Amino acid sequence: MSRTVIHGGLVTASGEIHADVLAESGRIAAPAAHGTDAAGSWRAARRIDATGMYGIPGGVDGLTHREAPSGGTCAADTFETGTRAAAWGGTTTIVGLAGQSVGRSLREGLDTSFAKADGDRAIDHAFHMILADANPSSVKAMDLLVSEGVTSFKGFVRSRDQGSSSGVGRVPCEVAA
């Protein structure tokens, strides 16, 4: 496990405080006020002097379109190019769209999206799940996906002759309850 201490910077997560940050294996392990016993006790192979600099926490981009079809087009950015650009801008996590195809399971749509993202990204990611085919099976599958960390679902409620629809109106209320 590699350890790095960044010391003396002005951290601005929820106010301003002169703080030191301990990173272990590339992840923040602990912050502490600069000059405290806790910060002074950290030992690391690498020390970075951040005096006079700001430490700004990474951002989360809550709706991205990486390699996801949308309205008959597909985003130009891949997970590799899009997450590299995001990282340069200070974004550390993106939440993209994972789409279910009509006639297919939610699980298949999510697995397909994870396969596109795995290995070719520079930052963390999660997915919103697009519900394209609401039916009793897919509605029941939503509970399993929530237990696995999917936090949101998107569906379109309009008639098929107006374009994309999830078919939400076809699902009996007792299934969703």
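Values in this text are rule-based calculations from the coordinates and carry no lab data. Fair warning: this is a prediction, and the values are worked out from it, not measured in the lab. Cβ sites come from the backbone with ideal geometry, for glycine too, and all protein chains shown count toward neighbours.
Structure notes:
- Which of V150, V157 has the fewest Cβ neighbours within 10 Å, and the rest in rising order: V157, V150
- Spatial separation of Cα centroids for segment 119-146 and segment 24-93, in angstrom: 24 Å
- M142, M129, M1, M53 arranged by Cβ crowding within 10 Å, fewest neighbours leading: M1, M53, M142, M129
- D by Stokes-Einstein for segment 3-55, Kirkwood Rh over Cα pairs, 4 °C, 1.567 mPa s: 120 µm²/s.
- Fraction of antiparallel bridges per DSSP, the chain only, in percent to nearest 5: 45 percent
- Rg/Rh, computed from the Cα trace of segment 1-99 with Rh as the Kirkwood radius, has the value 1.13.
- Taking other residues whose beta carbon is less than 15 angstrom from the beta carbon of V11, and scoring Lys, Arg as +1 and Asp, Glu as -1, yields -3.
- With loop membership from DSSP and a limit of 13 other Cβ atoms within 10 Å, the longest segment of the chain without trypsin sites (Lys or Arg not before Pro) is 44-157.
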